[in-house]
Amino acid sequence: MQRLDEEHRSGKWLKTLDARLRPAWAKMVREAPVEASGLSDLGPKDPYAEHLGIRFTVISEEAVSAELVVATRHLNYQGSVHPGVLFTMAEAVLDRASNSHGVAASTLDVSASFVASAKVGDRLTATAYEAVLRRRTAVYTVKVFNQHDDMIAMFQGTAIRMA
């Protein structure tokens with residue numbers, strides 16, 4: 001048990017999960033269009049995410065991923081991606097993940113750590129992983145990486161389940 005706690009604190013379990021799942025996700029994305037991956041089963045589309053250019057690439061009970069190519073419209077006055085864009089991206093995948101079990105859920109809170117900046121042309125991938133699933137609540141970790149596998153931001157969010 002102590003070893004598992006140490007792995008969880010260090011983030012090693014998440015890196016291991018990333019390494020195991022990324023090839024499978026890439027294969028899923030190549031072989032099936034987004035419409036066939038369960039997006040329509042999760043309720044109405046997210047017009048705001050679509051407006052920003054966020055595209056869901058993987059939707060499953062294990063994880064949800066979305067991509068965004070940073071454009072000039074996503075920048076703040078300093079020339080890097082606006083934190084609100086990253087937050088929207090993270091909340092969008094968290095929301096899809098929390099609703100992937102067939103029970104309506106809504107985000108209660110999200111905390112964010114912005115650890116690096118992203119520039120125009122960067123391809124960002126946000127992935128939500130389920131950390132805890134209970135009858136009434138669920139907790140998710142969302143990590144955003146660029147195309148070089150550099151972490152840009154990390155989020156933790158809690159959702160309330162309407163079960």
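Return the total of residues in the range 118-133 being in a loop (DSSP other than H, G, I, E, B) and modelled with pLDDT of 95 or more.
Of the residues in the range 118-133, 4 are in a loop (DSSP other than H, G, I, E, B) and modelled with pLDDT of 95 or more.
Report, by residue number, each residue of the range 84-111 that is in a helix (DSSP H, G or I) and loosely packed, with under 14 Cβ neighbours inside 10 Å.
Passing the criteria: only Gly84.
Looking at Phe145, Phe155, Phe114, which one is surrounded by 13 or more Cβ atoms within 10 Å (Cβ to Cβ), at pLDDT 95 or above, farther than 18 Å from Phe56 by Cβ and in contact with a Leu (Cβ under 9 Å, 6 or more places away or on another chain)?
Phe114
Which residues, taken from the range 78-98, are free of Cβ contacts under 8 Å to residues at least 60 places away in the same chain, polar (S, T, N, Q) and farther than 14 Å from Gly121 by Cα?
Scanning the range 78-98 gives Gln78, Thr88.
Filter the range 100-138 for residues that are aliphatic (A, V, I, L, M) and within 22 Å of Val81 (Cα to Cα) and give the result.
Of everything in the range 100-138, those that are aliphatic (A, V, I, L, M) and within 22 Å of Val81 (Cα to Cα) turn out to be Val110, Ala112, Val115, Ala116, Ala118, Val120, Leu124, Ala126, Ala128.
Which residues, taken from the range 77-95, are in contact with a strand residue (DSSP E or B) (Cβ under 7 Å, 6 or more places away or on another chain) and under 21 Å from Asn146 (Cβ atoms)?
Across the range 77-95, the qualifying residues are Val81, His82, Pro83, Leu86, Phe87, Met89, Ala90, Glu91, Ala92, Val93, Leu94.
Looking only at the range 49-77, how many residues end up being in a loop (DSSP other than H, G, I, E, B) and either in contact with a helix residue (DSSP H, G or I) (Cβ under 6 Å, 6 or more places away or on another chain) or free of Cβ contacts under 8 Å to residues at least 24 places away in the same chain (or both)?
Summing the residues that are in a loop (DSSP other than H, G, I, E, B) and either in contact with a helix residue (DSSP H, G or I) (Cβ under 6 Å, 6 or more places away or on another chain) or free of Cβ contacts under 8 Å to residues at least 24 places away in the same chain (or both) in the range 49-77 gives 4.
The values are calculated or read from the model by the stated rules, or taken from the named source; none is laboratory data. These figures come from a predicted structure and were not determined experimentally. Note that we place each Cβ from the backbone using ideal geometry, even for glycine, and neighbour counts take in every protein chain shown.
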